[in-house]
Amino acid sequence: MASASPITPLVRPEFEHATVEAGQIGEVERPLSTWERLTNIEWVRKAAILITLAVIWEAYARYVGNELTFPTLVQTMQALWDSTVSGPLLERTFTSLKVLLTGYALGLFIAAVFTTIAVSTRIGTDLLSTLTAMFNPLPAIALLPLALLWFGLGTPSLVFVIVHSVLWAVALNTHTGFLAVSETQRMAGMNYGLRGVRYVLKILIPAAFPSILAGLKIGWAFAWRPRLVHLREPQSA
Amino acid sequence: MTVAQPVDGLLKPDTSAHSPLLSVKDVTLQYKTREHIVTATFRVSFDVFQADRFVLLGPSGCGKSSLLKGVAGFMAPVEGSMQLNGQTIDRPGPDRMMVFQEFDQLMPWKTVQQNVMFPMLASGRCTRKEAQERALRFIDKVNLTKFRDVYPHMLSGGMKQRVAIARAMAMEPDILLMDEPFAALDALTRRKMQEELLQLWEDTRFTMLFVTHSIEEAIIVGSRILVLSPHPGRVKAELNAHQFSHAEQGRPEFGALTQRIHNMLFAERIEEEALAKAGAAHG
C-alpha cells in the first residue's frame, strides 16, 4: 500500500578501500582430497557398480541355492571358462562378429551415400526423411522371415537384417547433425574458400560429430539385436 | 589513447589519385523469406580506400548486415556491382575475412591456436610452419598467448571475439569484414575491445568494413561512416569520424556529431511527429 509520504532511500557516506593483498586472504585454492579425485574417474565408478552387482548376484544365488534356475556368479564364470577353453564358444563368437561387422560396415556405407544425397539436394532430404519415417520403426526381426525367403537360410539374410537396423539410425542422426551445424560456422567455412567435399570433411563432419557418434553408437547397438537370433541358430538347425 | 590518422586535416585525401580498394555501385540486395522477397538495400553506393575504418551504420532492418554479406560473397546483388581490387565479387573467399557477431564462429573442436591456423591451412595460403608462426604472432597481438592451447568453450565472450579477430587478421586479408563483432559483449568489455581494435589498426593499418547499429561505436571505431536509412537501406550520408576516439568522447564536437547522426536516423520520425502536431494544431 502506498503511504502518504513515499519512502526515500537512506543516504549513506561514500567510502573507498585500498584492495587487500590477495596473499593475505589465505586459502585461494587447495587440491582435492584423494577420495574426491578417485571418484572423479569414470572407470573407477563403473567398476564399483560392477563389483556391487556381482556381490549381489553371488549373495542372492547362494541364498536361493538352486544352480539350475539361478547359478552363482562363480559357477557362471566357470561355465564361461570351460566353453571358451574346450567348447565352441570362441569360434562361434568369431563367426558372429564377422557377420556383425560386415553388416555394420555395409550399413554405414549406405548411410553415408544417403546422407550425402540428402545434404546436397532438397529432394534428397525429403527422400531420406520419408524412407527413415517408413523403415526406422520397423523392427529388424520382423524383416527376418522376408529376408529368409529372399536370401535363404544363412549369412546374407543376417547381413541384410543388420544393414536394415544400422542404416536408418545412422543416416537419421548424421543428417540431423548436419542440419544442426550453425549458420555462422557454415559461413565461416565458406569464407575460408572451402567447397564441396573439403567443406563436408573439414566443417560439417567435425561440427556434427557428436550426432554422428550418437548415430554410430545406436547403430552398433541395433546391429547386435538380430545377432541374438543368430546365436541360437546353430542349436535349432 | 589517441589515434594517429593516415591523413590529417592538413592533407585532404585526393580520391581521384587513389583508386578504391572496394567499390560498391548501385547495389540492390534482396533475400527470400518463406513468403516474401524482401529488398534489404536499394541502390547503395560507396567506396572503401586502403586503411579505411569504414563503418556501415543504421538502425536494425536497414540492410547493413546484408550489405556486408554481399561483400563477403554470400549474397549476390540483383542490381549493381561490387568490386574488390577491380575484380567482381562472386563468391566467398579468404581475401575478405569475416568476423561475426556470434560466439560460435570458432570451431569448438579446435584450440585457439588451431582455430587461428585453420583458414591459413584450409585456403592453402601458408605452410604449416608459416601458419603456426603467424598464428602465434597474432594471438600475441590480441593478448591471448596464455590461452593458445585452450578450447573455445573455456573462453569468455570477449576472448572468443579476440580469437576471431586474430584468426581473420592472421590471414592478412585485403579487407576485414566485421559484423557487429562487439554487440553481444557487456559494455566494459566492448569498450576495451574497441580500444584494442584501434590499437591493432595503429600497428598494422588494415582496411576494415565494420557494421554497427551504435552511433557511438561508429564514431569511435570508424574513420568514415556510411549512414543508412531503414528498410530498405538507402544511403543517407557519408561522414568523417577519423578525428574521434574514446578520448574525445566528452568533447562537444563528439556530442554534436552524435546528435547529427541521431537526427539523420530519426529525422523521419521527427517529421512525422511535427506533422501530427501541426495537424492537431490546425484541427
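The values are calculated or read from the model by the stated rules, or taken from the named source; none is laboratory data. No experiment lies behind these values; they were computed from the predicted model shown. Please note: Cβ atoms are built from the backbone with ideal geometry, for glycine as well, and neighbour counts cover all protein chains shown.
Take the conditions (1) modelled with pLDDT of 90 or more; (2) more than 14 Å from chain A (Cβ to nearest Cβ); B:F138 misses just one of them, which is (1). Checking each residue in segment A:77-126 for being within 15 Å of A:V170 (Cα to Cα) and among the polar types (S, T, N, Q) picks out A:T115, A:T116, A:T125. Among what's in segment A:165-200 and is of a type in the set (V, I, T) and within 11 Å of chain B (Cβ to nearest Cβ), pick the residue that is surrounded by the most Cβ atoms within 10 Å (Cβ to Cβ). Filtering segment A:165-200 for residues that are of a type in the set (V, I, T) and within 11 Å of chain B (Cβ to nearest Cβ), the one surrounded by the most Cβ atoms within 10 Å (Cβ to Cβ) comes out as A:V181. Note on segment A:69-82: residues that are out of contact with any Phe, Trp or Tyr (no Cβ under 8 Å at 6 or more places or on another chain), surrounded by 13 or more Cβ atoms within 10 Å (Cβ to Cβ) and among the hydroxyl-bearing types (S, T, Y) amount to 1.
Restricting segment B:76-102 to residues that are crowded, with 20+ Cβ neighbours inside 10 Å, outside any strand (DSSP E or B) and hydrophobic (A, V, I, L, M, F, W, C) leaves a set whose member that is farthest from the other protein chains (Cβ to nearest Cβ) is B:I89. Within segment A:82-96, residues that are assigned to a loop (DSSP other than H, G, I, E, B) reach partners that are of a type outside the set (D, E, K, R) with beta carbons closer than 9 Å, at six or more positions or on different chains, in the pairs A:P88/A:P234.
For first residues located in segment B:246-259 and within 18 Å of B:L57 (Cβ to Cβ) and among the aliphatic types (A, V, I, L, M), partners that are modelled with pLDDT of 85 or more and in a helix (DSSP H, G or I) and lie 6+ apart or on another chain with Cβ distances below 8 Å form the pairs B:L257/B:I219.
Which members of segment B:151-177 meet the condition of being touching a residue at least 60 places away in the same chain (Cβ under 8 Å), in contact with a helix residue (DSSP H, G or I) (Cβ under 9 Å, 6 or more places away or on another chain) and of a type outside the set (A, V, I, L, M)? Break it down stepwise before answering.
So the first thing to find is which residues in segment B:151-177 are touching a residue at least 60 places away in the same chain (Cβ under 8 Å), and the list is B:161, B:164-165, B:167-169, B:171, B:173-177.
Within this subset, residues satisfying the condition of being in contact with a helix residue (DSSP H, G or I) (Cβ under 9 Å, 6 or more places away or on another chain) are B:161, B:164-165, B:167-169, B:171, B:175-177.
Correct list: B:Q161, B:R167.
The set of residues in segment B:103-135 that are surrounded by fewer than 22 Cβ atoms within 10 Å (Cβ to Cβ), within 10 Å of chain A (Cβ to nearest Cβ) and either at positive phi or in a helix (DSSP H, G or I) (or both) comprises B:F103, B:D104, B:L121, B:A122, B:G124.
With respect to B:R191, determine if the residue is within 27 Å of B:S123 (Cβ to Cβ) and part of a helix (DSSP H, G or I). Outline the logic, then answer.
Numbers: within 27 Å of B:S123 (Cβ to Cβ): no; part of a helix (DSSP H, G or I): yes.
No; evaluated as a whole, the condition is false for this residue.
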